[in-house]
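All remarks here apply to the structure that follows.
The values are calculated or read from the model by the stated rules, or taken from the named source; none is laboratory data. Just so you know, these numbers come straight off a predicted model, no measurement behind them. Cβ coordinates were reconstructed from backbone atoms using ideal geometry, including for glycine residues, and neighbour counts include every protein chain displayed.
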Amino acid sequence: MTDRGATYPKFINYINNTTQQPLNKMINIVLFGKPGAGKGTQAEFLKSKYNLTHISTGDLFRFNLKNDTALGKLAKTYIDKGELVPDEVTIKMLEDEVSKNPDTAGFLFDGFPRTTAQANALDAYLVSKGWEVTATIALEADDEVLVQRLLERGKTSGRVDDQDESLIRNRYQEYNEKTAPLIKYYKAQGKYFPVNGIGEIAEITSRLSSVIDTL
Ligand code: ADP
């Protein structure tokens, strides 16, 4: 015989949980933009404001480079030329990082996806967990402004890829060829939100926040 006294409260709990917390309450944001657009800077503010797990593929590669891991050695051969690291390597690294944070309130993807194959892989991987990309927010800025920003950053960051203008230009070429098509990809899903990336840092954070607050 069923113990109704024990089962009923459990049922009420179940109803409460399913009605008060929609299944997809996670906020997964892709922070999009050209090199130097300010993704890393803004991610620092947004991750604490919205309690998100920040995953920067550029930072992960640099961590591996610094620690001279096999992944770092491989990535270096591409990064030093201003090229993208191959998809299969980057996708695997990203998935490993996501799987380390199963209980997060959401992810802030910075520098990923950068190719259509990566965007497809991200969608498939999130769906396999019952999640999805909530929105892609793009920081927009003019190429020439960005090249100057990167050259300035290169003076202090120690990043080799920020110190040589031809390497920087190559990254923009990679962006135009491989990453720009993602704008259409996310627009088609109704998930693309462009934001003006020129202005004071705090001002840009509030532009980004006003998009996130509507999600
Ligand atoms: P940027 O300042 O160019 O936006 P990041 O710090 O995000 O640079 O990344 C530095 C480098 O790491 C890139 O130029 C690229 O070689 C590699 N990288 C980062 N993210 C990706 C990615 N999603 N796919 C392929 N390569 C990547």
For this session: Determine whether Gly154 is within 11 Å of the ligand (Cβ to nearest atom), free of Cβ contacts under 8 Å to residues at least 60 places away in the same chain and over 16 Å from Gln118 (Cα atoms).
Result: yes
Problem set entry | Verdict on Asp143 being at pLDDT below 95 and away from the ligand (no atom under 11 Å from the Cβ) | yes
Exercise. Taking the stretch 105-119 on its own, how many of its residues are within 9 Å of the ligand (Cβ to nearest atom) and of a type in the set (Val, Ile, Thr)?
Worked result: 1
For this session: Please enumerate the residues belonging to the stretch 86-105 that are closer than 14 Å to Gly130 by Cα and either of a type in the set (Ser, Thr, Tyr) or without any contact (Cβ under 8 Å) to a residue 40 or more places away in the chain (or both).
Result: Ser99, Pro102, Asp103, Thr104
Exercise. What are the residue pairs meeting all of these: first residue in the stretch 32-45, first residue touching a residue at least 60 places away in the same chain (Cβ under 8 Å) and within 13 Å of Ile198 (Cα to Cα), second residue acidic (Asp, Glu) and near the ligand (Cβ under 10 Å from one of its atoms), Cβ atoms under 6 Å, and 6 or more apart or on different chains?
Worked result: Lys39/Asp110
For this session: Those residues that are over 19 Å from Asn101 (Cβ atoms) and among the β-branched types (Val, Ile, Thr), I need them from the stretch 45-70; list them, please.
Result: Thr69
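Results for (1) within 13 Å of the ligand (Cβ to nearest atom); (2) over 29 Å from Met26 (Cβ atoms); (3) surrounded by 14 or more Cβ atoms within 10 Å (Cβ to Cβ), shown as yes or no for each residue.
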residue	(1), (2), (3)
Ala121	yes, no, yes
Gly158	yes, yes, no
Lys187	no, no, no
Tyr192	no, no, yes
Ile212	no, no, yes
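Does the stretch 20-57 hold any residues that are basic (Lys, Arg) and within 11 Å of the ligand (Cβ to nearest atom), and which are they?
Lys34, Lys39
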For this session: Residue by residue through the stretch 38-54, note down the ones that are outside any helix (DSSP H, G or I) and either surrounded by fewer than 16 Cβ atoms within 10 Å (Cβ to Cβ) or over 12 Å from the mean Cα position of the chain (by Cα) (or both).
Result: Gly38, Asn51
Exercise. Would you pick out the residues in the stretch 55-99 that are hydroxyl-bearing (Ser, Thr, Tyr), more than 18 Å from Gly40 (Cα to Cα) and not in a helix (DSSP H, G or I)?
Worked result: Thr69
Exercise. Is at least one residue of the stretch 134-150 farther than 20 Å from Tyr78 by Cβ, surrounded by 13 or more Cβ atoms within 10 Å (Cβ to Cβ), small (Gly, Ala, Ser) and touching a Lys or Arg at 6+ places or on another chain (Cβ under 6 Å)?
Worked result: yes
Seminar exercise, completed: Looking across the stretch 58-104 at residues that are at pLDDT below 95 and more than 10 Å from the ligand (Cβ to nearest atom), the single one that is surrounded by the most Cβ atoms within 10 Å (Cβ to Cβ) is Pro102
